[in-house]
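Undergrad: A single structure is presented below for examination.
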Amino acid sequence: MSRLRTTTAAATLLLALPLSVAAAAPALAAPPIATDSATTAPAGPTTRAAARVELPRPTGPYAVGQEVLHLVDQNRPDPWVPSAGPRRLMVSMYYPAHAGTGTPAPYMTPAAARAMLDGKLPGNTIPTEAVSGTRTWAESGARPQGGHYPLVVLSPGFTMPRATLSSLAEDLTSHGYVVAVIDHTYENTGTTFPDGQTLPCEACRKAMSDEDRARLEAGRAKDVSFVIDQLTDRPHPAWRYARLIDRDRIGMAGHSAGGASTVPALLTDDRIRAGVNLDGTMHYLVPESGLNGKPFMMIGHPVPGGGEDPSWLTSWARLDGWKRFLTVDGTDHSSFTDYPVFFDGLGIPKGPYTTIGGQRAVALTRQYVGAFFDLQLKGTPQPLLDGPSAANPEVRFTP
């Protein structure tokens, strides 16, 4: 069973976006995307007045700076469109900064926002600025704080732009991390490059087997390792503030396909010390030999009717290091991204199994992911991860 659950048609504007690689999405364009048994109801035309959506304020002591990098892997052709040449990636870098030294960072480009809206809800009349104008807490070009900080690489879900993990990225940064959020080109509704071109989701047009999905996850692991190469290269890193990164403390987290991709990334890159999977079916399973003792945490939403994703059960039994398996009641597949904030801000009804609001969903994701990296990369004890908490009754621990 996929970790994507069925949803109401009213919620398809954004809930349709964070699809597991194993599940269906509304078509971007002909040909349609292949489906499985866990599908999303088709969307009809939607009208929504422009609204001022605001991401939740980061909870840590640091202000958040942001820069955007365009990286080119000259040693690898693009896996989806080989004729396009080398693999190109857009990466948002978040870093601890001095407040008020930059300008407000945009949530995403208007072109990417329009591609997301039109690709997922054909015929909608939602204004582009309802998404592109979202209030963030990062400042573009802000002056960095001194020091060395752990690096966390974030990978979004299949079909989803990197911006959908902004709330998590900003909060981690505010607690003293450098965060790199990757757009996996041709795997989301639209990636805008410096020349102004916005590339579509070519992978969404393909009918993929489980083996193909495993290869997608392995390909994302290659993207992650390349980004780490570029950020930690000496003496010529690709980012001007690379000195902020502590190269001995690197972790990875992701949502859906991005979360599943932590498995091959941990297995193939010794620099990545710990990983988090946010609600992603794993087609690249944890091998019987485990993850070389590396810490791993899985956070997901409950399966209606009970049961669990077989890939999670199999991988859970094989993990050979520190591990946690958390289920958050009242959530759905989108709850571990920014999308619940848009549901609330734009007045879009939630799915039938979703009972917690956007602010709460974001807060829980931030708390547990932040606690994991504080423990694994900073060595700070985290009682929150020891077991159930009265403060967070929604969160259940699998023994």
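Undergrad: Top mean-square fluctuation among L71, L165, L154, Gaussian network model of the chain, C-alpha springs under 10 Å?
TA: Looking only at L71, L165, L154, the largest GNM fluctuation is found for L71.
Undergrad: Right, another one. Hey, can you grab everything whose amide H is under 5 Å from the amide H of T331? Only 5+ residues off in sequence or another chain; H modelled, so Pro and N-termini drop out.
TA: When sequence neighbours closer than 5 places are left aside, the close amide H contacts are T355.
Undergrad: Now for a different question. Quick one: Karplus J couplings for the range 294-310, per residue in order, coefficients 6.51, -1.76, 1.60, θ = phi - 60°, nearest Hz, x for Gly and Pro?
TA: Listing the rounded values in order: 6, x, 8, 10, 10, 10, x, 9, x, 7, x, x, x, x, 7, 4, x Hz.
Undergrad: Right, another one. Quick one: which residues, 5+ away or cross-chain, put their amide H under 5 Å from the amide H of R87? H built at 1.01 Å from N.
TA: Amide H neighbours of R87: D73, R76, D78.
Undergrad: Shifting gears a bit: Residue separation times 0.36 nm, minus the C-alpha to C-alpha distance between T59 and A99: what's the value?
TA: 13.0 nm
Undergrad: Ok, one more. For A105, which sequence-distant residues (separation of 5 or more, or a different chain) have an amide H within less than 5 Å of its own amide H, given hydrogens modelled in the peptide plane?
TA: Those lying under 5 Å, H to H, from A105 are A138, E139, S140.
Undergrad: With charges set only on the Cβ (+1 for Lys and Arg, -1 for Asp and Glu), what does the dipole of the range 9-397 come to about its Cα centre, in debye to the nearest 20?
TA: I would put it at about 540 debye.
Undergrad: Here's a follow-up. Rounded to the nearest 0.05, what FRET efficiency do R240 and D210 have when you use their Cβ-Cβ distance and R0 = 51 Å?
TA: 0.80
Undergrad: Decide, for the range 221-358, between rounded, prolate and oblate: order the square roots of the alpha carbon gyration tensor eigenvalues as a ≥ b ≥ c, take rounded if a/c falls under 1.5, and otherwise choose prolate if a/b is larger than b/c, else oblate.
TA: Judged from the Cα gyration tensor, the range 221-358 comes out oblate (a/c at least 1.5, b/c at or above a/b).
Undergrad: Another question, then. Report the full-extension gain for the segment K378 to R247: residue separation times 0.36 nm, less the Cα-Cα distance, to one decimal in nm.
TA: 45.9 nm is the gain from fully extending K378 to R247.
Undergrad: Here's a follow-up. By average Cβ neighbour count within 10 Å, what is the ranking of 354-366, 252-264, 297-309 from highest down?
TA: 252-264, 354-366, 297-309
Undergrad: Please compute, for the alpha-carbon atoms of the chain, the extent along each of the three principal axes and give them in descending order in Å.
TA: Principal extents (Cα only, largest first): 51, 49, 43 Å.
Undergrad: Pulled fully out, how much extra length does the chain show between D233 and D270, if you take 0.36 nm times their separation in residues and subtract their Cα-Cα distance?
TA: Value of the extension gain: 11.8 nm.
Undergrad: Which whole-Hz couplings ³J(HN,Hα) result when phi for each residue of the range 311-322 is put into the Karplus expression 6.51 cos²θ - 1.76 cosθ + 1.60, θ = phi - 60°, listed in order with x for Gly and Pro?
TA: Taking θ as phi minus 60°, the curve returns 5, 6, 4, 5, 5, 4, 5, 8, 5, 10, x, 4 Hz for the range 311-322.
Undergrad: So which of K222/K294; K323/K350; K206/K294 end up more than 25 Å apart by C-alpha?
TA: From K222/K294; K323/K350; K206/K294, over 25 Å: K323/K350; K206/K294.
Undergrad: Let me ask something additional. Along the range 177-187, what does the Karplus equation 6.51 cos²θ - 1.76 cosθ + 1.60 (θ = phi - 60°) give for ³J(HN,Hα), rounded to whole Hz, x for Gly and Pro?
TA: Along the range 177-187, the couplings run 10, 8, 10, 10, 10, 9, 8, 8, 3, 6, 10 Hz.
Undergrad: Okay, next question. Which one, L151, L375, L117, has the greatest fluctuation when you compute a Gaussian network model over the chain with C-alpha springs under 10 angstrom?
TA: L375
None of the figures in this text is laboratory data; all of them are computed from the coordinates on show. Not measured: the values here are computed from a predicted model. Neighbour counts are summed over all protein chains in view; Cβ atoms, including those assigned to glycine, are modelled from backbone coordinates with ideal geometry.
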